[in-house]
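Rule-based calculations on the coordinates, nothing more; no lab input. Fair warning: this is a prediction, and the values are worked out from it, not measured in the lab. As a convention, Cβ positions derive from the backbone with ideal geometry for all residues, glycine included, and neighbour counts pool all protein chains shown.
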Amino acid sequence: MGHRYWPLFELRVRTPRLDLRPPDEADLFALAALAAEGIHDPATMPFLTEWSVLPSPRRERSVLQWHWKAWADWSPDKWDLPLAVVVDGEVVGTQAVHAEQFAVLRSVYSGSWLVQRWQGKGIGTEMRAAMLHLAFAGLGAEVAFSGAYPDNEASVRISRSLGYEDDGWEPHVRQGAAARSIRFRLERARWEERRRHDIVVEGLDACRDMFGHSWGVS
Ligand SMILES: CC(C)(COP(=O)(O)OP(=O)(O)OC[C@H]1O[C@@H](n2cnc3c(N)ncnc32)[C@H](O)[C@@H]1OP(=O)(O)O)[C@@H](O)C(=O)NCCC(=O)NCCS
């Protein structure tokens, strides 16, 4: 059955290796369980908000609440789209994309994580490429931004391999101390040079208005 009032739930991004989909309730609880299982070595902190080291069940609940908040706060002027990453029917992590004033700025920001046992298999690169296809080909973005701490080698390598350029740094409090994240910027022309033709976006037309006016080019 189609989601007449929330057509976003029909959105899919499919690559040969994985699907991205807005998580339903079963997916959300799967994501909460993955967060409990572990996303990173607790000695380090890849995220700006340090939710991933909360004790159980606060960590799992923070996953649920973060997703519910994304739906509750959604507006065409400010949206945060969390997408479950599904490999062979199994939820393995999340790839989010968000924007403010997208109709005017046509800029997106992203964040992601995978449960540790699914890391280092190329899934992180594939899910970022899928998100970029949604943003550039589907929504008509002009620029995508990302950020990572310099010691997050996998995330840094993904950004550089997909064509992002270094775009300065930002200050943060990380585990109680001052730290800098690298800011990455991917302009549309550089994405076009690397554009993939094996990624498909489905169900976007029905929810296009939820993203503000957008310029579909796929
Ligand atoms: C960041 C993350 C999503 C990357 O996903 P992934 O599936 O592990 O990454 P991939 O397997 O696609 O690897 C990407 C690149 O990093 C390299 N890489 C992977 N793990 C690495 C590691 N532990 N150390 C160094 N390099 C690594 C890969 O060789 C690959 O490099 P290449 O493109 O030059 O071949 C995942 O590791 C993760 O969830 N980490 C914890 C949460 C996090 O850091 N989120 C992002 C916050 S900015």
All positions within the range 114-142 that are near the ligand (Cβ under 9 Å from one of its atoms) and buried (at least 24 other Cβ atoms within 10 Å of the Cβ): MET127
For ALA35, indicate whether it is surrounded by fewer than 16 Cβ atoms within 10 Å (Cβ to Cβ), farther than 17 Å from VAL13 by Cα and either within 16 Å of the ligand (Cβ to nearest atom) or among the hydrophobic types (A, V, I, L, M, F, W, C) (or both). no
ALA178, sole failed condition from (1) among the small types (Gly, Ala, Ser); (2) in contact with a Ser or Thr (Cβ under 7 Å, 6 or more places away or on another chain); (3) more than 16 Å from the ligand (Cβ to nearest atom): (2)
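For residues that are within 13 Å of the ligand (Cβ to nearest atom), within 15 Å of ALA141 (Cβ to Cβ) and touching a helix residue (DSSP H, G or I) at 6+ places or on another chain (Cβ under 7 Å), tally how many sit in the range 96-113. Outline the logic, then answer.
Looking only at the range 96-113, we keep the residues that are within 13 Å of the ligand (Cβ to nearest atom), and these are 96, 109-113.
Applying the additional criterion that residues be within 15 Å of ALA141 (Cβ to Cβ) yields 96, 109-110.
Of the ones still in play, those that are also touching a helix residue (DSSP H, G or I) at 6+ places or on another chain (Cβ under 7 Å) are 110.
Going through the range 96-113 one residue at a time, the tally reaches 1.
Could you please find all residues in the range 48-67 being under 22 Å from LEU134 (Cβ atoms) and without any contact (Cβ under 8 Å) to a residue 40 or more places away in the chain? Let's see the steps before the verdict.
From the range 48-67, those under 22 Å from LEU134 (Cβ atoms) are 63, 66-67; that's our starting set.
Passing the criteria: VAL63, TRP66.
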Would you mention how many residues in the range 55-95 are on the phi < 0 side of the Ramachandran plot, outside any strand (DSSP E or B) and more than 15 Å from the ligand (Cβ to nearest atom)? 18
For the range 169-204, what are the residues that are at positive phi and touching a Pro at 6+ places or on another chain (Cβ under 9 Å)? GLY203
Over the range 33-54, the set of residues over 21 Å from PRO23 (Cα atoms) and either part of a helix (DSSP H, G or I) or of a type in the set (A, V, I, L, M, F, W, C) (or both) is ALA43, MET45, LEU48, VAL53, LEU54
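State whether the residues of the range 100-107 include one that is in contact with a His (Cβ under 8 Å, 6 or more places away or on another chain) and either surrounded by fewer than 22 Cβ atoms within 10 Å (Cβ to Cβ) or touching a residue at least 40 places away in the same chain (Cβ under 8 Å) (or both). Spell out how you get there, then give the answer.
Taking the range 100-107 as the starting set, the residues that turn out to be in contact with a His (Cβ under 8 Å, 6 or more places away or on another chain) are 103.
Still in the running and either surrounded by fewer than 22 Cβ atoms within 10 Å (Cβ to Cβ) or touching a residue at least 40 places away in the same chain (Cβ under 8 Å) (or both): 103.
Scanning the range 100-107 turns up at least one residue that is in contact with a His (Cβ under 8 Å, 6 or more places away or on another chain) and either surrounded by fewer than 22 Cβ atoms within 10 Å (Cβ to Cβ) or touching a residue at least 40 places away in the same chain (Cβ under 8 Å) (or both).
Aromatic (Phe, Trp, Tyr) and closer than 22 Å to ALA36 by Cβ: is that true of TRP74 in this structure? Let's see the steps before the verdict.
Details: aromatic (Phe, Trp, Tyr): yes; closer than 22 Å to ALA36 by Cβ: no.
So TRP74 does not fit the description; no.
Could you tell me which of the residues THR15, THR49 is hydroxyl-bearing (Ser, Thr, Tyr) and under 26 Å from PHE136 (Cβ atoms)?
Values: THR49 fails: under 26 Å from PHE136 (Cβ atoms).
Answer to the check: THR15.
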